[in-house]
Amino acid sequence: MLDRAARPMVSLVDKYLPDPYIFVIILTLVSFGAAMAFEGHGPMAVIEMWGDAFWSLLTFSMQMLLVLVTGFMLASTPFVRGILNRVAALASTPGQAIILVTFVALIASWINWGFGLVVGALFAKALARQVRVHYPLLIASAYSGFIVWHGGLAGSIPLVIATEGHFSQDIIGVIGSGETIFAFFNLAIIGALFIVVPLINRLMLPSEEDSVYVDPAVLNDEPDTSVSIKRPADHLENSRVLAWLIGFSGLAFIFQYFMDGGGLNLNIVNFMFLFLAVILHQTPKRLLDSLHEAVKGGSGIVIQFPFYAGIMGVMTASGLAASISSGFVSIATAESLPFWSFISAGLVNIFVPSGGGQWAVQAPVMLPAAQELGASIPRVAMAVAWGDAWTNLLQPFWALPVLAIAGLKAKDIMGYCLMLLIITGVIISVGLTWL
């Protein structure tokens, strides 16, 4: 059984994986050393690259904080809590809970990665209120669905190269999603992961005596619906009219946005979460009380994302990311280039955990190599996308919103994610290379 195989990994991660803040400091120092040792830059030059890029992800950091906050506010409404609890009631055993949360997370992440992160974590908490289940594995299962995001409808690399005027159009032209997201090899990988990932998670479920349970009372964050009117301003703070006027204005914009052909992206997901929460909380006071609870879990995002922006700056400006990609390309053939693109992207992703940013670094290396070797350009592009998604199972960057919602630390789930990393890496490699 995989639960026995997973135990050494869980134990290893529990002992040696530091807090994600310590992890990002170590990655920063490693990127400094590598840029100096392999690219020949001086210490101050590297520090300048780091400092210049340190605040370059402020917009994205705010977006990610809003993913957490708006998702929490929406889930804390009585209406959404009722839906989550009713669906969670479909699971009556720990094994069913693990499989159900994995499927929900996979589907949600395939639609949109921000949506998948929040929905998976919130649904896991709903399940934990219904079923006694090993809580760390439950949250790891909710996060594991994230692996399919870059092969899904919101995958940044396939969407970029399908957009007229993208930065590499003069090299490869415009490549439609029919050759990437909806190509047979990509759909086959997605289908295999939808079968294998829930099965792996289920097989890693430990015995009852080895399980770690969470008190449902800890997860019971029922909102306070009491109303206290002590001053004239309290009438405004408890006004349903104000909430509904602004809330339905937001919904009107969303309706028009999709009628005009708009697609899902991080901003529109956050917009929907926010204004649905405004309406479903019914009063401004209830919304703000929920917000107060939501922001408590955002500290990791606030402190760590600027450090990752600095690491990305060092990796790109020093040439280190391009050198890593070039090293793998130099040993590739037309048939093996997708595999080596996948592996190199997985390695680069540990330091540059951003799909769009990673493509900007690797595309100038991978695309000319694909042309020179006669390899399939859509397949190579998707190999970079899958490599970016794959090592998110090892990199705690994207797990921060999930962990904040769940109330866990990275070390609690990464042992299980490491087992998934190994098995899914084989599946994705086979799909990219031979299908």
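The values are calculated or read from the model by the stated rules, or taken from the named source; none is laboratory data. Keep in mind that what you see is a predicted model, and the values were worked out from it rather than measured. Positions of Cβ are generated from backbone atoms using ideal geometry, with glycine treated the same way; all protein chains shown enter the neighbour counts. What goes into the accessible areas is simple: the full protein's heavy atoms, side chains included, and nothing from ligands, DNA or RNA. Shrake-Rupley method; radii C 1.70, N 1.55, O 1.52, S 1.80 Å.
Take the stretch 242-272 and flag every residue that is closer than 19 Å to residue 111 by Cα, in a helix (DSSP H, G or I) and without any contact (Cβ under 8 Å) to a residue 12 or more places away in the chain. Within the stretch 242-272, 255, 257, 258, 259 qualify.
Apart from one condition, residue 266 fits all of (1) in contact with a Phe, Trp or Tyr (Cβ under 9 Å, 6 or more places away or on another chain); (2) at pLDDT 80 or above; the exception is (2).
Mind listing whichever residues of the stretch 291-339 are crowded, with 23+ Cβ neighbours inside 10 Å, among the hydroxyl-bearing types (Ser, Thr, Tyr) and more than 18 Å from residue 25 (Cα to Cα)? Across the stretch 291-339, the qualifying residues are 318, 325. Total residues in the stretch 82-94 satisfying the condition of being open to solvent by 20 Å² or more (accessible area, probe 1.4 Å) and touching a Leu at 6+ places or on another chain (Cβ under 7 Å): the figure is 3. Looking at the stretch 147-241, the helices (runs of 4 or more DSSP H) lying wholly inside it that each contain 3 or more residues that are within 30 Å of residue 275 (Cβ to Cβ) and modelled with pLDDT of 80 or more sit at 156-161. Residues in the stretch 184-193 that are open to solvent by 20 Å² or more (accessible area, probe 1.4 Å), in contact (Cβ under 8 Å) with a residue 40 or more places away in the chain and over 11 Å from residue 427 (Cβ atoms): 184 only. Can you confirm whether the stretch 110-132 contains a residue that is crowded, with 24+ Cβ neighbours inside 10 Å, of a type in the set (D, E, K, R) and in contact with a helix residue (DSSP H, G or I) (Cβ under 8 Å, 6 or more places away or on another chain)? So far as the stretch 110-132 goes, yes, one or more of its residues are crowded, with 24+ Cβ neighbours inside 10 Å, of a type in the set (D, E, K, R) and in contact with a helix residue (DSSP H, G or I) (Cβ under 8 Å, 6 or more places away or on another chain). Output yes when any residue across the stretch 393-412 is more than 21 Å from residue 174 (Cβ to Cβ), β-branched (Val, Ile, Thr) and in contact (Cβ under 8 Å) with a residue 40 or more places away in the chain, and no when none is. Yes; the residues of the stretch 393-412 include at least one that is more than 21 Å from residue 174 (Cβ to Cβ), β-branched (Val, Ile, Thr) and in contact (Cβ under 8 Å) with a residue 40 or more places away in the chain. Residue check: is residue 418 assigned to a helix (DSSP H, G or I), open to solvent by 10 Å² or more (accessible area, probe 1.4 Å) and over 19 Å from residue 159 (Cα atoms)? Yes; evaluated as a whole, the condition is true for this residue. All of 144, 177, 156 fail the test of being over 26 Å from residue 401 (Cβ atoms) and not hydrophobic (A, V, I, L, M, F, W, C), apart from 177. Taken together, the residues in the stretch 10-63 that are open to solvent by 70 Å² or more (accessible area, probe 1.4 Å), farther than 30 Å from residue 137 by Cα and part of a loop (DSSP other than H, G, I, E, B) amount to 2. Just one of the numbered conditions (1) open to solvent by 30 Å² or more (accessible area, probe 1.4 Å); (2) farther than 19 Å from residue 272 by Cα; (3) in a helix (DSSP H, G or I) is not true of residue 79: (2).
Within the stretch 96-109, count every residue that is open to solvent by less than 10 Å² (accessible area, probe 1.4 Å) and either closer than 17 Å to residue 83 by Cα or touching a Ser or Thr at 6+ places or on another chain (Cβ under 7 Å) (or both). Within the stretch 96-109, residues that are open to solvent by less than 10 Å² (accessible area, probe 1.4 Å) and either closer than 17 Å to residue 83 by Cα or touching a Ser or Thr at 6+ places or on another chain (Cβ under 7 Å) (or both) number 6. If you go through the stretch 371-415 and keep only what is in a helix (DSSP H, G or I) and small (Gly, Ala, Ser), you end up with 381, 383, 385, 387, 389, 404, 406, 410, 415.
Here's the yes/no breakdown for (1) closer than 30 Å to residue 253 by Cα; (2) not β-branched (Val, Ile, Thr):
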{"position": "277", "(1), (2)": "yes, yes"}
{"position": "280", "(1), (2)": "yes, yes"}
{"position": "295", "(1), (2)": "yes, no"}
{"position": "329", "(1), (2)": "no, no"}
{"position": "334", "(1), (2)": "no, yes"}
{"position": "350", "(1), (2)": "no, no"}
{"position": "369", "(1), (2)": "no, yes"}
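Considering only the stretch 208-215, I want to know if a residue exists there that is out of contact with any Cys (no Cβ under 6 Å at 6 or more places or on another chain), surrounded by fewer than 20 Cβ atoms within 10 Å (Cβ to Cβ) and of a type in the set (A, V, I, L, M, F, W, C). Yes, the stretch 208-215 has at least one match. Residue 354: over 25 Å from the mean Cα position of the chain (by Cα) and either open to solvent by 10 Å² or more (accessible area, probe 1.4 Å) or at pLDDT below 90 (or both), yes or no? It is false that residue 354 is over 25 Å from the mean Cα position of the chain (by Cα) and either open to solvent by 10 Å² or more (accessible area, probe 1.4 Å) or at pLDDT below 90 (or both). Can you tell me which residue within the stretch 164-183, out of those that are closer than 18 Å to residue 365 by Cβ and aliphatic (A, V, I, L, M), is most open to solvent (accessible area, probe 1.4 Å)? Top of the filtered list is 171. The numbered conditions (1) in contact with a Pro (Cβ under 8 Å, 6 or more places away or on another chain); (2) open to solvent by 10 Å² or more (accessible area, probe 1.4 Å); (3) farther than 29 Å from residue 119 by Cβ are all true for residue 380 except (2).
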